[in-house]
Amino acid sequence: MSREFDIVLFGATGFTGQLVAQQLAAMGGLHWAIAGRNRDKLTAVAAELPTGSAPAIELADAHDRASLDALVARTRVVVSTVGPYAQHGSDLVAACAAAGTHYCDLTGEAHWVRAMIDAHHASAQQSGARIVHCCGFDSIPGDLSVWLLQHELQQRGRSPALHVRGYYHDLRGGVSGGTVASMRGIVQAATTDKGLRRLLVDPYALVPTRAGKARQHELGFAIHRGESVVTAPFVMAGINTRVVYRSNALADDAYGREFTYHEALAFPLNPRGIADAVAMTAGVTALPAAMAAATKLPPLAKMLDNKLPKAGEGPSERARTRGHYTLKVRSVDSDAPTVTFHDDADPGYGSTSKMLASAAACLAFDALDSKPGVLTPAVAMGQALVDRLRNAGLTITVE
Ligand SMILES: NC(=O)c1ccc[n+]([C@@H]2O[C@H](COP(=O)([O-])OP(=O)(O)OC[C@H]3O[C@@H](n4cnc5c(N)ncnc54)[C@H](OP(=O)(O)O)[C@@H]3O)[C@@H](O)[C@H]2O)c1
């Protein structure tokens, strides 16, 4: 596909968008553009990029379909950081699916991904577009690590691991205004929409057909003596597990029809670790409850507004460089290898900006054998993405 740009970054003026722009600029040799709705802001972002990386500046509005159609027709890949996606993202996905333009984003909004699958999987298959949601901390580490574990077993001539767990150890990071707005959007919509509440608790919300699938419970606070860890619920597990199930479904149940995947935060099994897990469990339960209550109590909404970051705000550079995480993915019922996925950067921003930029480059330049459609990171890019992430400085190992 010959087009003017390799990659267009839509939303380059946002907190995460600026970090992704820095990552793309560092790759060098790209024909690329930064896009958004405000030329002055885009010019200011371009001025902060290293000399020589020179992206073009393009204007488009997330709610002006004609401007999006014109933009996506000029590029092979669109990478979007314009969120909350359920609020601002649908027209762009529609435009990419229609034009055969590959697309990746950072959404963690399962109900919106379901809506995009229903609306655009068939048209993307026809146009040749690979539409890949969830290319950040949710859900690349979990999706790619499970894929790598199963791929390794297959290479060794062994059966797939049927029951897999992902434990996030040593996680340190912050949140941005856009992430808070996305969480609020989900909570607000769920308070009034029963169908959406049902979808949000369905582990198979993103698979094409759910017949014959058993329900499963998320991993919460629990002591696992055999593994010497105490676990707490992980706020991203809701989207990550659903993406992993979609990967399995799109690969014709290559991980097994009865495959299950759970994710949790893990702490060492000692008094300090147990106290941390209790505090985390309380926090993860309290925040959505407070956001739901705030929809009916304006003083509480105001208090949350004052405490939480606003649009354009996020963790400082110091906080981002001090962040880190390690995901360990292993089978619970065999001597299968362990996959470790680690980065010495804040998960949601430092690491996420590397992951999203790598996904965009992968879609633009790598020889991928995946069929088009609304895909997952693992199904769309697999080993090519693992290679790019290693080049970007992430540690991904199979032991
Ligand atoms: N999966 C992950 O790990 C992960 C990590 C980080 C962020 N995220 C997600 O990424 C998204 C962005 O977060 P953020 O904190 O970077 O948000 P942000 O700082 O508020 O940035 C939002 C961006 O959207 C743009 N925008 C808003 N409305 C628009 C419209 N009508 N047309 C064109 N552009 C528009 C804004 O442009 P202006 O500058 O003109 O206002 C800005 O560039 C959120 O959905 C968040 O949940 C996910």
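Which pairs have Cβ atoms under 7 Å, sit 6 or more apart or on different chains, and link a residue in the stretch 183-198 that is free of Cβ contacts under 8 Å to residues at least 12 places away in the same chain to one that is surrounded by 19 or more Cβ atoms within 10 Å (Cβ to Cβ)?
As it stands, the answer is R197/A190, since those pairs meet every condition given.
E263: buried (at least 19 other Cβ atoms within 10 Å of the Cβ) and not in a helix (DSSP H, G or I), yes or no?
So E263 fits the description; yes.
Looking at the stretch 18-27, can you tell me whether even one residue there is under 30 Å from T241 (Cα atoms) and modelled with pLDDT under 95?
no
Only one of L9, L30 is more than 9 Å from the ligand (Cβ to nearest atom), assigned to a loop (DSSP other than H, G, I, E, B) and either farther than 17 Å from E313 by Cβ or more than 21 Å from the chain's Cα centre (by Cα) (or both). Can you tell me which?
L30
From the list I140, I117, I131, pick out the single residue that is out of contact with any Cys (no Cβ under 6 Å at 6 or more places or on another chain), closer than 30 Å to R330 by Cα, surrounded by fewer than 24 Cβ atoms within 10 Å (Cβ to Cβ) and touching a residue at least 12 places away in the same chain (Cβ under 8 Å).
After ruling out the rest, the residue left standing is I117.
List pairs: first residue in the stretch 57-74 and free of Cβ contacts under 8 Å to residues at least 12 places away in the same chain, second residue hydrophobic (A, V, I, L, M, F, W, C) anywhere in the structure, Cβ distance under 6 angstrom, at least six positions apart or on different chains.
Listed pairs, sorted by first residue: S67/A60.
It is to be established whether one or more residues within the stretch 70-87 are surrounded by fewer than 18 Cβ atoms within 10 Å (Cβ to Cβ), within 15 Å of the ligand (Cβ to nearest atom) and at negative phi.
The answer is yes; a qualifying residue exists.
Of the residues in the stretch 360-372, how many are more than 26 Å from T260 (Cα to Cα) and either within 13 Å of the ligand (Cβ to nearest atom) or in contact with a strand residue (DSSP E or B) (Cβ under 8 Å, 6 or more places away or on another chain) (or both)?
6
For the stretch 45-52, does any single residue satisfy the condition of being within 11 Å of the ligand (Cβ to nearest atom) and either in contact with a Pro (Cβ under 6 Å, 6 or more places away or on another chain) or closer than 24 Å to Y349 by Cα (or both)?
Taking every residue of the stretch 45-52 in turn, at least one turns out to be within 11 Å of the ligand (Cβ to nearest atom) and either in contact with a Pro (Cβ under 6 Å, 6 or more places away or on another chain) or closer than 24 Å to Y349 by Cα (or both).
When you go through (1) among the aliphatic types (A, V, I, L, M); (2) away from the ligand (no atom under 13 Å from the Cβ); (3) modelled with pLDDT under 90 one by one for A181, which number turns out not to apply?
(2)
Sort out which residues of the stretch 337-358 are within 12 Å of the ligand (Cβ to nearest atom) and aromatic (F, W, Y), and write them in order of number.
Y349 - this is the single residue of the stretch 337-358 that is within 12 Å of the ligand (Cβ to nearest atom) and aromatic (F, W, Y).
The values are calculated or read from the model by the stated rules, or taken from the named source; none is laboratory data. Given the structure is predicted, the values throughout are model-derived calculations rather than measurements. Cβ: placed from backbone, ideal geometry, glycine included. Neighbour counts: every protein chain shown.
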